[in-house]
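Worksheet for the structure shown next.
Read-outs: derived from the displayed coordinates by stated rules, not from any lab. Since we're looking at a predicted model, the values are computed, not measured. Methodologically, a virtual Cβ is constructed for each residue, glycine included, from the backbone with ideal geometry; neighbour enumeration extends over all protein chains shown.
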Amino acid sequence: GDVYEGEWVEDRKQGLGTFRYSNGDVYTGGWKDDLRCGQGTLEIANGGVYKGEWQQDKPNGFGTFSYVEGHEYSGTWIGGLRDGPGTLTMSNGDVYEGEWRVDKYHGQGMYRWAEGIVDTGEFTHGFLEGVGTRRWPDGDTYSGQWVAEKQHGQGVYTYSNGDIYEGAWENDKRNGLGCLQMRNGDKYQGHWVDDTFHGQGQYVWASGEVYEGNFSNGKREGSGRWHLGDAEHYEGSWRENKKEGTGVYTYENGRVYDGEWKDDLRHGKGTLTCPGGTVYSGQWQDDKQHGEGQSVLADGGRYKGQFVEGKFHGHGHREWTDGSDYQGQWQANLR
């Protein structure tokens with residue numbers, strides 16, 4: 001059974017004494033009105049040891065608990081629970097130092113992971129939650145909002161390679177509106193889904209090129225506008241980062257192409273208008289006039305017929321400004 005050896009006052013345990021419990025636990029320390037009070041040490045049968053202050057029969061005040069698993073907590077207790085400032089050193093090498101509430105990390109604190117990750121900031125009910133910063137061993141840093149140990153809300157992530165992302169997060173991934181400034185000088189600003197450009201956005205290259213429009217899974221997709229300065233620009237359809245579908249391209253030299261595209265090349269039906277007055281309307285293949293088409297020349301002459309790789313080739317009808325014409329076979333611009 002239970003055995004007590006120590007001081008008594010009016011038939012109550014009072015002062016210093018040792019109590020050996022029937023379950024194998026042993027308490028040595030102060031007593032008051034039959035309750036553990038003051039400084040004392042409790043050795044638990046399973047191997048755990050608490051040494052520190054007691055009040056109303058429970059750890060209360062400052063104390064250290066060595067757990068059988070190898071963990072050790074040193075800090076403040078209230079009513080038998082870790083509450084207030086304290087440090088927990090775990091057997092795997094992890095260390096938490098900061099505020100506690102009702103036996104859980106709660107308030108301002110710092111968690112150092114054995115693998116080198118360091119978390120500082122607000123903790124809620126045992127999790128990094130609120131505003132905090134995580135630093136990884138490779139040099140990456142995230143500062144911002146957290147929910148249940150995950151980057152969630154607004155935050156800034158500085159990558160070890162020099163890239164910086166500032167914007168919205170959801171479940172540890174860039175989701176929502178955000179801006180990525182890359183070390184090479186490129187910049188993306190717009191919508192993100194699961195860590196990739198997705199939705200409306202703007203990509204600015206260090207070279208000065210700018211794309212504004214739709215992205216899908218990290219690539220230019222759908223409708224968008226690309227330009228380099230004010231003189232050269234394209235507005236139209238995109239597929240997997242390439243011009244595809246229909247679009248209008250204005251060249252730096254003043255030429256304008258309005259038509260179909262494939263794999264970044266003029267392909268299908270389209271019209272090319274040149275500053276000097278020459279206009280070609282017809283079929284294109286691999287960026288060249290190829291197939292049936294009509295060309296109105298700068299001098300007012302016309303050609304309607306077949307083209308091969310940008311030249312009159314095959315059957316065609318040529319009209320000159322003096323009224324003469326030729327209808328027949330052509331080869332490489334020659335009759």
Starting at 0 and stepping by 10 Å, how many percent of the alpha carbon pairs of segment 58-160 end up in each bin?
17, 43, 29, 10, 1
What full-extension length gain, to one decimal in nm, is calculated for Val279 and Asp186 as 0.36 nm per residue of separation minus the Cα-Cα distance?
29.8 nm
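Taking each pair of different alpha-carbon atoms in segment 207-335 once, compute 1/r for the pair, average those values, and report the inverse of that mean as the Kirkwood hydrodynamic radius in Å to one decimal.
Values: mean 1/r = 0.0635 Å⁻¹.
Its Kirkwood hydrodynamic radius stands at 15.7 Å.
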Please compute the modelled spin-label separation between Thr246 and Cys179, points set 7 Å along Cα→Cβ, answer in nm with one decimal.
3.6
Among [x] 135, 32, 25; [y] 62, 49, 49; [z] 69, 67, 50, only one was calculated for this model; which label is it, if the read-out is Cα extents along the principal axes in Å?
[x]
Below 13 angstrom from the Cβ of Asn175, what's the summed charge of the other residues (Lys, Arg +1; Asp, Glu -1)?
-1
For the pair Gln56/Tyr21, report the inter-label distance in nm, with labels modelled 7 Å from Cα in the Cβ direction.
1.8
According to a simple spin-label model (label point 7 Å from Cα along Cα-to-Cβ), what is the distance in nm between His71 and Ala206?
4.8
Calculate, in nm to one decimal, what Trp8 and Ala148 gain on full extension: separation in residues at 0.36 nm each, minus their alpha carbon distance.
45.4 nm
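Could you give the length gained on full extension between Ser223 and Leu81, defined as 0.36 nm per residue of separation minus the Cα-Cα distance, in nm? Display every interim value, and only then the final one.
On the way: separation 142, 0.36 × 142 = 51.12 nm, distance 5.99 nm.
Stretched out fully, the Ser223 to Leu81 stretch lengthens by 45.1 nm.
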If the cut-off is 22 Å between C-alpha atoms, which lysines fall inside it for Lys13, apart from same-chain ones fewer than 8 positions away?
Lys32, Lys51, Lys58
